1. Considering only region 72-125, how many residues are out of contact with any Leu (no Cβ under 8 Å at 6 or more places or on another chain), of a type in the set (Lys, Arg) and more than 14 Å from PHE226 (Cβ to Cβ)?
2. Inside region 102-129, can you point out the residues that are over 16 Å from the mean Cα position of the chain (by Cα), in a loop (DSSP other than H, G, I, E, B) and of a type in the set (A, V, I, L, M, F, W, C)?
3. Take GLU99 and tell me if it is outside any helix (DSSP H, G or I) and under 11 Å from the mean Cα position of the chain (by Cα).
4. Which one of VAL169, VAL207, VAL150 is in a loop (DSSP other than H, G, I, E, B), closer than 19 Å to PHE133 by Cβ, touching a residue at least 40 places away in the same chain (Cβ under 8 Å) and under 13 Å from the mean Cα position of the chain (by Cα)?
5. For region 210-224, which residues satisfy the criterion of being of a type in the set (A, V, I, L, M) and assigned to a helix (DSSP H, G or I)?
6. Only one of (1) in contact with a Phe, Trp or Tyr (Cβ under 8 Å, 6 or more places away or on another chain); (2) farther than 21 Å from TRP136 by Cβ fails for ASN253. Which number is that?
7. Every residue in region 100-109 that is surrounded by fewer than 21 Cβ atoms within 10 Å (Cβ to Cβ) and in contact (Cβ under 8 Å) with a residue 24 or more places away in the chain, please.
Amino acid sequence: MAQKSVIPCLLSAETSKRIGDYADALAAGAHSLGDHGLSREEFEQSGLLRAAIERLRGRQAASMTDKREFIAAKLKIMQQEGAIAAWSFSGSADRHDYEVRMPNGRVCAIEAKGCLDGNNTNIFERPPHADEFLIWSLCQNPGANPRHNVWSGIHTRLSAETIHRKVHVDALIVWDMLCGSAGRPCPKLEAGFKEPPPCLYLFPRSVSDPRNNPSPPPRQVEEVSFVAALMKTFSCQQSSLNQVQIESKYENNALMRRTTIVRNGEEQKQSRWTELRRAGR
């Protein structure tokens, strides 16, 4: 029986240890690198290492080139296969990154995100003209734990944000250039795939509301035409498809929410009832 998990892939123990060991060695020997001219004590008091790390993090976060190339390559394949009619990169012109037109005339807006465990996941707007709105997560951090990040993104970030702002998200795509790499092995490759297909998460049909709509059912794949097209183009199996249920209720005047992920009819993970503290009531 397959192990239950939010997402099949994981950060390998060997990679995690290697990263930890290297981080320790770098911290211990950082004072001897570069031409800063400081003694070890002066270096440790200067904050130079921390400042350099923050600058490197900023450069990595600001770079979108690899993410854009990855998404563009997949959209081009879908267009060549006739799964989508057209697509365009919106960039800074809109609050979403891509707009896709489906053969049935539906408009799909896509917002590209990183590893999902940061505050940036909460920054999105559903365009008023979009028939479908999806978030596409591309994690470029080889040391990130995908199971932590996906759960953090779905429960901690997106379920709270959709209830709080009453904004509807149709689906989440988790797919990037690190899927199936040595550091992030993917069990789907054992099924004969040359490249891991995406992990897909269908969100509720409407926004959960504690008074009028406490437990909206998750969408079916045929209701989100871009997800259906993605599955057909890249031969995704049912094991790639997840349904997300987001429930809400009032308890002693506190707004509570609960998130459940189901795959192949089996519950993979369920949160406790968690108070949504920032929601206005």
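The values are calculated or read from the model by the stated rules, or taken from the named source; none is laboratory data. Quantities reported herein were computed from a predicted structural model and do not represent experimental measurements. Positions of Cβ are generated from backbone atoms using ideal geometry, with glycine treated the same way; all protein chains shown enter the neighbour counts.
1. 2
2. Residue satisfying the conditions is MET102 alone.
3. Judged against the criteria, GLU99 is not a match.
4. Testing whether each residue is in a loop (DSSP other than H, G, I, E, B), closer than 19 Å to PHE133 by Cβ, touching a residue at least 40 places away in the same chain (Cβ under 8 Å) and under 13 Å from the mean Cα position of the chain (by Cα) leaves just VAL169.
5. Residues of region 210-224 of a type in the set (A, V, I, L, M): 221, 224.
Selection gives VAL221 alone.
6. Of (1) in contact with a Phe, Trp or Tyr (Cβ under 8 Å, 6 or more places away or on another chain); (2) farther than 21 Å from TRP136 by Cβ, only one is false for ASN253: (1).
7. Taking region 100-109 and keeping what is surrounded by fewer than 21 Cβ atoms within 10 Å (Cβ to Cβ), we get 101-107.
Once the filter is applied, which keeps residues that are surrounded by fewer than 21 Cβ atoms within 10 Å (Cβ to Cβ) and in contact (Cβ under 8 Å) with a residue 24 or more places away in the chain, region 100-109 yields MET102, ASN104, ARG106, VAL107.
Every residue, every condition in (1) more than 16 Å from ILE135 (Cα to Cα); (2) assigned to a loop (DSSP other than H, G, I, E, B), yes or no:
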{"site": "PHE226", "(1), (2)": "no, no"}
{"site": "LYS232", "(1), (2)": "yes, no"}
{"site": "SER235", "(1), (2)": "yes, yes"}
{"site": "SER248", "(1), (2)": "yes, no"}
